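Colleague: Right, I'll just put the structure down here and ask away after.
What follows is calculated from the coordinates using simple rules that are stated; it is not laboratory data. The model shown is predicted, which means the values in this text are computed figures rather than measured ones. When we count neighbours, we look across all protein chains shown, and the Cβ atoms used for this are built from the backbone with ideal geometry, even at glycine.
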Amino acid sequence: MAQAMVAAGQAHGVEFVGEALVPFGAADFTAAFTAAKDKHPTLVVLNLYG
């Protein structure tokens, strides 16, 4: 799904600055949100499966 989101975003001129994968069943997302915050994004997309 991540590849599909990148392809769809690029078709509309979106610049992706990174992604973070979290293991299935994880309950602590601190590291992923810290990594996202450090990139100073204008938007964070949560793509949840499971």
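Colleague: Label-point separation (nm) for H40 and H12, each offset 7 Å from Cα along Cα-to-Cβ?
Modeller: Inter-label distance under the simple model: 2.4 nm.
Colleague: Could you estimate the translational diffusion coefficient of the chain from the Stokes-Einstein equation, with Rh from the Kirkwood formula over C-alpha pairs, at 4 °C and 1.567 mPa s, in whole µm²/s?
Modeller: Once the numbers are plugged in, D ends up at 107 µm²/s.
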